[in-house]
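The values are calculated or read from the model by the stated rules, or taken from the named source; none is laboratory data. Everything quoted here is computed from the prediction, not taken from an experiment. Quick reminder, even Gly has a Cβ in these numbers, built from the backbone with ideal geometry, and neighbours come from all protein chains shown.
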Amino acid sequence: MMSLMLVLLIQAQEPTLEDRIAAFIKGDAAARESLLKHGAPAIRPLLKERDKAPEKIEELLFEIRARVAHPKDTPLVEKLRKPASVKLHKSKFEDALGFVREFCGVPVVVDRWEAKDLLAEEVTVEVGREPVRRALDLICRQTGLDYGIFHNAVVVGKPERLWPAEKARAAFGPPAAERQHKTPDDEQLLKRLRELKVDMDFQNQPLSGVAGYLKEFTGIGVETGEETGAAKLTFKLRGCTLYDSLCLLTQTRDLDFMIRDGKIAIDKREALEKPAGKTK
């Protein structure tokens, strides 16, 4: 009985995530370290409190994003720390992201969104020789979106898509091609995907048309599922590997890809995960 009471007392004294955020805002270094260790689940609660200490919270958010980036050794984290000057006045938010993409050299992909998801469609950004991530912070702060570092690119989208609840399935991460059982030939094809660099710029194109372009450009067969081939998509990414591009192209649309019979197979996740797909 005494042991039970002791356990309950310890649990009652354990600070909540909200308690740690409040302590961090007040300058508690231990609370900051605790939030860093908490990782991705701390991001959305921190976003809710951002207005109380914007720059302080955004600095911590970036450090958490860097820790949970995929892959973990991505050079993009250091690129986002480098200084840049960005001045934009009442720019459409996608144009602002385009500026970061073109003039700061940061690959940026926009996840699915609708106009109703935005707090504002135009943004004003004034950053003088500060880390590139500051421009992203300001864009996301004004629009209500957020960003993560996935597949060597910045992915901008709704926080609930980027950082789902702890038990929910993450939208971004290793593709089915990493999880499946692979033959030596499959491994060789994956290696080639990681070496090939491609430019993609599709405007409202069917996925089957994208597959045709990739086959013509790379010589690698690409197949799409019966229900996914007709899906229209808009996607822009330059100078990235075919592997990263495929990860981002599929995961921003809740699709996935794997290697099957010497080809790239793109389909819905559940379709690829059927036993016939040879996934683990």
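To keep it simple, each residue is scored yes or no on (1) more than 30 Å from Lys26 (Cβ to Cβ); (2) within 21 Å of the chain's Cα centre (by Cα).
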position: Lys48; (1), (2): no, yes
position: Phe62; (1), (2): no, yes
position: Val68; (1), (2): no, yes
position: Leu76; (1), (2): yes, yes
position: Pro83; (1), (2): no, no
position: His89; (1), (2): yes, no
position: Trp113; (1), (2): yes, yes
| message | For the list (1) surrounded by 18 or more Cβ atoms within 10 Å (Cβ to Cβ); (2) under 20 Å from the mean Cα position of the chain (by Cα); (3) assigned to a helix (DSSP H, G or I), I need the number of the one condition that Arg194 fails. | response | (1)
| task | Taking Leu60 as the residue in question, decide whether it is at pLDDT 95 or above, in contact with a helix residue (DSSP H, G or I) (Cβ under 8 Å, 6 or more places away or on another chain), within 22 Å of Gln251 (Cα to Cα) and in a helix (DSSP H, G or I). | result | no
| message | Looking only at the stretch 198-255, filter to residues that are polar (S, T, N, Q) and touching a helix residue (DSSP H, G or I) at 6+ places or on another chain (Cβ under 7 Å); which one of those is surrounded by the most Cβ atoms within 10 Å (Cβ to Cβ)? | response | Thr224
| request: Could you check the stretch 65-154 for strands (runs of 3 or more DSSP E) lying wholly inside it with 3 or more residues that are basic (Lys, Arg)? | output: 83-92
| said: Taking the conditions exactly as written (farther than 24 Å from Ala271 by Cβ, in contact with a strand residue (DSSP E or B) (Cβ under 7 Å, 6 or more places away or on another chain), hydrophobic (A, V, I, L, M, F, W, C) and free of Cβ contacts under 8 Å to residues at least 60 places away in the same chain), does Phe217 satisfy them or not? | reply: yes
| field | Sole residue being among the hydrophobic types (A, V, I, L, M, F, W, C), without any contact (Cβ under 8 Å) to a residue 40 or more places away in the chain and surrounded by fewer than 21 Cβ atoms within 10 Å (Cβ to Cβ), chosen from Ala84, Ala170 | value | Ala170
| Scan of the stretch 181-191 for residues that are more than 22 Å from the chain's Cα centre (by Cα) and either farther than 15 Å from Phe257 by Cβ or not acidic (Asp, Glu) (or both), ordered by number | His181, Lys182, Thr183, Pro184, Asp185, Glu187, Gln188, Leu189, Lys191
| query | Out of all the residues in the stretch 199-219, is one or more modelled with pLDDT under 95, part of a loop (DSSP other than H, G, I, E, B) and of a type outside the set (S, T, N, Q)? | reply | yes
| field | Qualifying positions in the stretch 67-89 - aliphatic (A, V, I, L, M), touching a Leu at 6+ places or on another chain (Cβ under 8 Å) and within 17 Å of Ala40 (Cα to Cα) | value | Ala69
